[in-house]
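Please read the structure below before turning to the comments.
The values are calculated or read from the model by the stated rules, or taken from the named source; none is laboratory data. Being a predicted model, the structure only gives us computed values, none of them experimental. Positions of Cβ are backbone-derived with ideal geometry, glycine not excepted, and every protein chain shown enters the neighbour counts.
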Amino acid sequence: MKSVLFVCLGNICRSPIAEGVARHLIEQGRHGITVDSAGTGSWHVGEAPCRHSITVAHNNRIDISALRARQVTKNDFKNFDLIVALDQSNYNDLKAMGAKNLVKLGEFGFGGADVPDPYFFDGFEGFEQVFSMIESCVKQLLNERG
Ligand code: 4NP
């Protein structure tokens, strides 16, 4: 695998964390892999990651504050070796758009479970659980496919 794209709904909560974690691991020794993230929706295009995602990443020494949301396009399916959906709804939307090189992040150690959408969570605590699940899955993904 030379390139990987993480895709959630808004590209402001979950997939920027996945991108940040993957970048961090790649910088620590896995060279030559391109990483990006996108959302299936367009509501937040151009926005920075949500405040709690920036904080939870920062607490883990990862800076995602400069990332900006974008919407996934069909060209991404050609440009990235692997498209990684954060939950089943993202997976279904990407499949319907024609993605073939598609997996769910939760397949890497969590039995295919969805990464919960923290957008409507009340407060910060849920973000720590989301970060921990994403970090564990991204590590396994890079170990298996990187
Ligand atoms: P994300 O979270 O998919 O993890 O970025 C969401 C962000 C925005 C919305 C939903 C989920 N929204 O409905 O605008």
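Would you confirm whether or not region 44-63 contains a residue that is out of contact with any helix residue (DSSP H, G or I) (no Cβ under 6 Å at 6 or more places or on another chain), within 16 Å of the ligand (Cβ to nearest atom) and more than 22 Å from G126 (Cα to Cα)?
Yes, because at least one residue in region 44-63 is out of contact with any helix residue (DSSP H, G or I) (no Cβ under 6 Å at 6 or more places or on another chain), within 16 Å of the ligand (Cβ to nearest atom) and more than 22 Å from G126 (Cα to Cα).
Of the residues in region 115-125, how many are in contact with a Leu (Cβ under 8 Å, 6 or more places away or on another chain) and in a helix (DSSP H, G or I)?
Of the residues in region 115-125, the ones in contact with a Leu (Cβ under 8 Å, 6 or more places away or on another chain) are 115, 117, 119.
Checking which are in a helix (DSSP H, G or I) leaves us with 119.
Here the count works out to 1.
Check D81 against each of (1) within 19 Å of K2 (Cβ to Cβ); (2) touching a helix residue (DSSP H, G or I) at 6+ places or on another chain (Cβ under 7 Å) and name the one condition it does not meet.
Only one criterion is unmet by D81, namely (2).
Every residue, every condition in (1) out of contact with any strand residue (DSSP E or B) (no Cβ under 6 Å at 6 or more places or on another chain); (2) at pLDDT 95 or above; (3) within 19 Å of M133 (Cα to Cα), yes or no:
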position: A57; (1), (2), (3): yes, yes, yes
position: R70; (1), (2), (3): no, yes, no
position: K74; (1), (2), (3): yes, yes, no
position: D81; (1), (2), (3): no, yes, no
position: A85; (1), (2), (3): no, yes, yes
position: L94; (1), (2), (3): no, yes, no
position: A99; (1), (2), (3): no, yes, no
position: G106; (1), (2), (3): yes, yes, yes
position: F110; (1), (2), (3): yes, yes, yes
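Any idea how many residues of region 23-78 are acidic (D, E), exposed (fewer than 13 other Cβ atoms within 10 Å of the Cβ) and more than 15 Å from the chain's Cα centre (by Cα)? Spell out the reasoning first.
Residues of region 23-78 acidic (D, E): 27, 36, 47, 63, 76.
Next, only the ones that are exposed (fewer than 13 other Cβ atoms within 10 Å of the Cβ) stay: 27, 63.
Filter again for more than 15 Å from the chain's Cα centre (by Cα), leaving 27.
The total comes to 1.
For region 89-109, how many residues meet the condition of being exposed (fewer than 14 other Cβ atoms within 10 Å of the Cβ) and of a type outside the set (K, R)?
So the count comes out to 3.
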